[in-house]
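Take a look at the structure below.
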Amino acid sequence: MSVEVARSGLSAEEIVALSRRHTLYEWSAQSTVDPIAVERAEGVYFYTPDGDRFLDFNSQLMSVNIGHGDRRVIDAMTAQADKLPYANPFMAHEPRALLGQKLAELLPGDLDVVFFTNGGAEANENAIKLARSVTGRQKVLAAYRSYHGATGGVIGITGDPRRWAAEPAVPGIIRIPDHHRYGEKEPRPVAEVLRETEQVVMYEGGQNIAAIILESVVGTNGVLIPPDGYLQGIREICDRHGIMLIADEIMSGFGRTGEWFAVDHWGVVPDLLTMAKGLTASYVPLGAVGMRQGIADHFREKVFAGGLTYNSHPMGCATALATIAVYEEDGLIERARQMGAVMRRHHQELYDRHPSVGAVRNLGLFGIIELVRSREPYEPLAPYNGTSDEMKAVGRHLRQNGLYTFVRWNTIMTNPPLIITEEQLAEGFAVIDQALSAADEAVRA
């Protein structure tokens, strides 16, 4: 006797209608939601039930780094499901053992122990819990241009407007200056930002601060690449005051920037490093906190007061092992570095051709295009936490021409799977090139 899991053969229209009627979409007024119905995906493309093809220029949520439908990972998932689909987190199993060992090999410096979570937000929640438990301090410093998750604690630590609806936040969250200000093209001078950060530490009392949490490269708030010396300077401040540095690598980790982890570009070893997304390429949910051995040693005789039903889930661990094997076998870390140079060329060509392009940035295949009404003075094409008719027109053109990516505020994100070819990258940038005509009109006006 077979079990019917789900009705098949729904049209795109039916899928969207039922999804809107019976499920809640995130970060949206439900009346405005207009989702794309997805039936299948392969490589750098996904397809609707009606046969329309989209080039996935954002790796979904900057996470399907190895591309869609890799049979090696799917086969590993199937084999694990056949053998042991679940074991509770008080048990030990082979995928847990091997993944812990593998991550200890890949993580920077002496980060040799991991705690597994359901995803990125829970990884950040537990990293902060670890820092507070070990230091005995409560305050946490974070930037405004940041996103660390939507759960109860880290939504308050998040700096961008998504935190507003959740305020007042948990106590003890203090803001530090950003290395990039919204509406400015260039990063701020490193010495100035570090001096202002040191002042915040002074005012709050370094002896009261458990951690500074930073996205190594800021993600949805602008793909903000820290200027050389910034992360090293934050590391030095933390060392001087006994503060733990938490590197949020949920989006920037696993090859996205052309290194296993973005901090590797600057040779900085954080005390705690959080990961998710690219860890399994989002084939299944899994997150983790990597920590220095000394932090783990704190809990040899003391209880770690944390836990999750799906901590160390066998399916997640097996999927992560297979995903990491794909990164290694296919040389995707080096490939991201090489294709990042190709992306930089495309970005520069758009900047040279379109007056509406105010700035372009990328590190590896982590990229963004900022649109402006004016380069001098620098005026974004949409306000902070807002949009504009021109940005809406750009977004419509991309969708109507089969390119999927995030269009947020005044930016277009360029974060394709690491397997993308030069031809496919050119295909995506050709669509963006065409879409920028509407933005150029705003500049000419």
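Only the coordinates and a few stated rules stand behind these numbers; no lab work does. None of these values were measured; they are calculated from a predicted model. Don't worry about glycine lacking a Cβ; one is built from the backbone with ideal geometry, like all the others, and counts go over all protein chains shown.
Summary of values
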| quantity | calculated |
| --- | --- |
| Relative contact order %, the chain, counting alpha carbon pairs below 8 Å whose residues are six or more apart | 20 |
| Charge context of A359, other residues only, Cβ under 14 angstrom, K/R +1, D/E -1 | 0 |
| For segment 23-115, projected area of the alpha-carbon convex hull averaged over all directions, nm² | 9.7 |
| Stretchable slack from K392 to D82, in nm (0.36 nm times residue separation minus alpha-carbon distance) | 107.0 nm |
| Extension reserve of the R181-L18 stretch, reckoned as 0.36 nm per residue once the Cα distance is removed | 54.6 nm |
| Antiparallel bridges, percent of DSSP beta bridges restricted to segment 191-283 (to nearest 5) | 10 |
| Kirkwood-based Rg to Rh ratio, segment 288-443, C-alpha trace | 1.14 |
| 10 Å beta-carbon shell around V44, net charge (K/R +1, D/E -1) | -3 |
| Fraction in percent of alpha-carbon pairs per bin - 5 Å, segment 71-329 | 1, 6, 13, 18, 19, 17, 12, 7, 4, 2, 0, 0 |
| Fluctuation leader among R240, R188, R137 - the chain, Gaussian network, Cα springs under 10 angstrom | R240 |
| Relative packing of 191-198, 124-131, 232-239, which averages over residues the other C-beta atoms within 10 Å, highest first | 124-131, 232-239, 191-198 |
| Computed [θ] at 222 nm, deg cm²/dmol, the chain (DSSP H ≥ 4; -39,500 (n - 2.57); rounded to nearest 500) | -12000 deg cm²/dmol |
| Dipole in debye (nearest 20) - segment 101-197, about Cα centre, beta carbon charges: Lys, Arg +1; Asp, Glu -1 | 280 |
| Stokes-Einstein translational diffusion, segment 65-200 - Kirkwood Rh over all Cα pairs, 1.002 mPa s, 20 °C, in µm²/s | 116 |
| Euclidean distance of C-alpha centroids, segment 286-352 and segment 183-223, integer Å | 24 |
| Bridge type composition, the chain - antiparallel percent by DSSP, nearest 5 | 65 |
| Listed residues P285, L224, W260: farthest to the positive end of the dipole of segment 199-301 (Cβ charges) | P285 |
| Candidates per chymotrypsin sites (Phe, Trp or Tyr not before Pro) in segment 356-392, loop by DSSP, up to 12 other Cβ within 10 Å | Y384 |
| Per residue convex hull volume, Cα atoms of segment 179-275, in Å³ | 97 |
| Net charge of neighbours whose Cβ lies under 12 Å from the Cβ of H241, counting Lys and Arg as +1 and Asp and Glu as -1 | 0 |
| Rg/Rh ratio calculated on Cα atoms of segment 345-426 (Kirkwood radius) | 0.96 |
| Stokes-Einstein D for the chain, Kirkwood Rh over Cα pairs, 20 °C, 1.002 mPa s (µm²/s) | 94 |
| Flagged links, alpha-carbon separation over 32 Å, of K102/K392; K129/K185; K185/K392 | K102/K392; K129/K185 |
